[in-house]
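> This is the structure, below, for whatever I ask next.
Values quoted throughout were computed directly from the atomic coordinates according to the rules given, and no laboratory measurement underlies them. The model shown is predicted, which means the values in this text are computed figures rather than measured ones. Positions of Cβ are generated from backbone atoms using ideal geometry, with glycine treated the same way; all protein chains shown enter the neighbour counts.
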Amino acid sequence: MDLLLPLAQSADAQAITDAGKAIALGVGAGLGSIGAGIGIGFIFGKEIESVARQPEMKDELQSIRWLGFALTEAVAFYTFIFGLIAFFL
């Protein structure tokens, strides 16, 4: 019976480690998504404000807006990927 006790303790330790990794992945991906959401909100809000002030620059501002949107989404994607890498390593 004493021979099984170390196996049970290591299994519990592994389960705790896996649970901690899952929580860290959820928190990291969540914070990355919140940050991207705030960034996209700022991008589109400022673009609307800029077009309201100078409607003749709408076409020029649109290309800059999409570039900012793509870069902000890339950051959110990278946070998710880094979280997955940390979870599985």
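> Between residue 33 and residue 12, what's the calculated FRET efficiency when r is the beta-carbon distance and R0 is 35 Å? Round to 0.05.
On the way: r = 32 Å, r/R0 = 0.91.
For residue 33 and residue 12, the calculated efficiency is 0.65.
> May I pose another question? Quick check: pseudo-label points 7 Å beyond the Cα along Cα→Cβ at residue 78 and residue 64, how many nm apart are they?
Computed distance between label sites residue 78 and residue 64 equals 2.2 nm.
> Between the helical axis of 5-53 and the dominant principal axis of the chain, each derived from Cα atoms, what acute angle in degrees is found, rounded to the nearest 10?
Helix 5-53 and the main axis of the chain meet at about 0 degrees.
> Note the listed values (1) 1.02; (2) 1.85; (3) 1.70, then indicate which one is Cα Rg over 2.2 N^0.38 Å calculated from this particular structure.
(2)
> Calculate the spin-label point distance for residue 24 paired with residue 49, positioning each point 7 Å from the Cα along the beta-carbon direction, and give it in nanometres.
Reported label-point gap for residue 49 and residue 24 is 3.8 nm.
> Given contacts defined as C-alpha pairs under 8 Å and at least six residues apart, what's the relative contact order of the chain, whole-number percent? Kindly include the intermediate steps, with their values, before the conclusion.
On the way: 41 pairs, mean separation 40.5, N = 89.
Reported relative contact order: 45 percent.
> Angle, helix 58-88 long axis vs. longest principal axis of the chain, Cα atoms, 0 to 90°, nearest 10?
0 degrees
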